[in-house]
Amino acid sequence: MKAILVHHTGGPEELNYEEVDIPKPAPGQALVKIAASGVNFIDVYQRTGLYKLPIPFTLGQEAAGVIEALGEGVTGFAAGDRVAYTSVVGAYAEYAAVPTKMLVKVPEGIDLTVAAGAMLQGMTAHYLTHSTFPLKKGDTALVHAAAGGAGLLIVQMAKALGAKVIGTMSTEAKAATARKAGADETILYTTQDFEAEVKRITDGKGVDVVYDSVGATTFLKSINCLRPRGMMVTFGQSSGPVGPIDPLLLSQRGSLFLTRPTLAFHIATPEELAWRAGDLLNGIASGKLNIHIEKTYKLANVQQAHRDLESRKTTGKLVLTPQ
Ligand code: NDP
């Protein structure tokens, strides 16, 4: 089978399209014939070495496909089942052996490409809006990179929970996309002072929560956008990592809460995975949630997919298909 291997961390040119053996499912695993794999910023961090993996490795940690074979002791799944998963490395490939405890069944009617593109950012948006800072009617959330993969889903879920959403982004075209997803207000943070704009929009009160995937360029100003006792959620670093923080800053800016959450700790039990994936896939099936797949690339063209994601030009989701 073909797979994308990393032998040295570095730029997109380190993504090698190679022939490797089809994996054998170990006990508790299923062999999934992959229909599509999601491209995520975490893949960039693993490719560059910001997040470390033992070398060599097959990149990618989100996919959907059809079960072809089962390892010993598997119950609840059968060959032919349509499944999706995330948080298991090795998804940029034609096949993957995946622990069945990480698999969810994809309802008929949901395209496998859409399911592949939904799992990681969709369940992230779910835990951020339902668990990290559970939004309710009357809350106001500031969502950075609101037209991005995670951003568009956070906007939709926040609106469904009754919150007001202020989204930031770099271009007017992205602002239009975020407004279409439900954002009440948009700020072009590349040309406008987003802190001043947030204060204007909230009549100086500040927002209840900031969901910040951008990191270096937005973190400190975001803290200034919060109401007293509001919550700063830094969950990514598309502009670079956030530096060290003095906890006294949180006291000075209004007894704030700060968290740096990650998906793996929010789908660690079968119950939590079933809850989040169920809400996500049912939302897609019923048409309440829209997964914006911006572009599909052949697996062999993965280098271009990474270049596009890092270039800041993309909105929504990028996916790879093996054929
Ligand atoms: P996006 O689709 O949001 O792409 C990144 C976006 O960030 C860009 O489109 C761009 O939007 C914005 N951005 C701002 N500054 C830069 C910059 N200097 N370079 C590139 N992009 C920039 O990506 P994802 O949704 O896949 O991920 C966003 C972040 O969230 C990543 O850091 C990712 O690792 C993290 N993440 C964390 C998770 C967790 O559980 N902790 C789970 C999922 C994602 P614009 O042009 O509008 O500024």
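The values are calculated or read from the model by the stated rules, or taken from the named source; none is laboratory data. Here the structure is a predicted model, which means the values were calculated and not measured. Accessible surface is based on the protein model in full, side chains and every heavy atom, while ligands, DNA and RNA are left aside. Shrake-Rupley method; radii C 1.70, N 1.55, O 1.52, S 1.80 Å.
Restricting to the chain, compute how many DSSP beta bridges are antiparallel as a %, nearest 5.
Working: 29 of 54 bridges.
Beta bridges within the chain, antiparallel portion: roughly 55 percent.
Taking the chain as the reference, fit the longest principal axis to its C-alpha atoms, fit the long axis of helix 149-160 to the helix C-alpha atoms, and give the angle between the two in degrees, 0 to 90, nearest 10.
Tilt relative to the chain: about 60 degrees.
How much of the accessible area of the chain, probe 1.4 Å, is carbon plus sulfur, in whole percent? Numbers along the way, then the final one.
Values: 7440 of 13700 Å².
Answer for the chain: carbon and sulfur cover 54 percent of the accessible area.
For the stretch 129-141, in order, what is each residue's ³J(HN,Hα) by Karplus, 6.51 cos²θ - 1.76 cosθ + 1.60 with θ = phi - 60°, in whole Hz (x at glycine and Pro)?
8, 9, 10, 4, 9, x, 6, 9, 3, x, 6, 10, 10
Just need the relative contact order of the chain here, percent rounded to a whole number, with Cα pairs under 8 Å and 6+ apart.
Values: 730 pairs, mean separation 55.5, N = 323.
RCO, the chain: 17 percent.
Starting from the amide H of Val209, placed 1.01 Å from N in the peptide plane, find each other amide H under 5 Å away whose residue is 5 or more places distant or on another chain.
Here Thr140, Leu142, Met231 satisfy the definition.
Please list log₁₀ I(q)/I(0) at q = 0.11, 0.13 Å⁻¹ for the chain, using the Debye equation with identical point scatterers on the alpha-carbon positions.
-0.68, -0.93
In whole Hz and in residue order, list the ³J(HN,Hα) couplings for the stretch 96-104 that follow from phi through the Karplus curve 6.51 cos²θ - 1.76 cosθ + 1.60, θ = phi - 60°; x for Gly and Pro.
9, 8, 10, x, 5, 5, 9, 8, 10
Just from its helices, what would the mean residue ellipticity at 222 nm be for the chain, if runs of 4 or more DSSP H residues each count -39500 (n - 2.57) and the sum is divided by every residue, rounded to the nearest 500 deg cm²/dmol?
Computed ellipticity for the chain at 222 nm equals -8500 deg cm²/dmol.
Return one whole number: the accessible area per residue of the chain in Å², for a 1.4 Å probe. Walk me through the intermediate numbers first.
Values: 13700 Å² over 323 residues.
Per residue, the chain has an accessible area of 42 Å².
Subtracting the Cα-Cα distance from 0.36 nm times the residue separation, let me have the gained length for Ala285 to Thr191 in nm, one decimal. Before the final figure, lay out the partial values.
Values: separation 94, 0.36 × 94 = 33.84 nm, distance 3.77 nm.
Taking 0.36 nm per residue and subtracting the Cα distance, the gain is 30.1 nm.
For the stretch 19-128, what are Rg and Dmax over the alpha carbons, in angstrom?
13.6, 38
Compute the Kirkwood hydrodynamic radius of the stretch 136-260, taking the inverse of the mean of 1/r over all pairs of distinct Cα atoms, and give it in Å to one decimal. Before the final figure, lay out each step's value.
Numbers: mean 1/r = 0.0707 Å⁻¹.
Roughly 14.1 Å, rounded to one decimal.
Quick one: what are the phi-derived ³J(HN,Hα) couplings along the stretch 61-78, Karplus 6.51/-1.76/1.60 with θ = phi - 60°, whole Hz, x for glycine and proline?
Computed from phi, the couplings for the stretch 61-78 are 9, 7, 7, 9, x, 10, 5, 9, 8, 10, x, 5, x, 7, 10, x, 10, 9 Hz.
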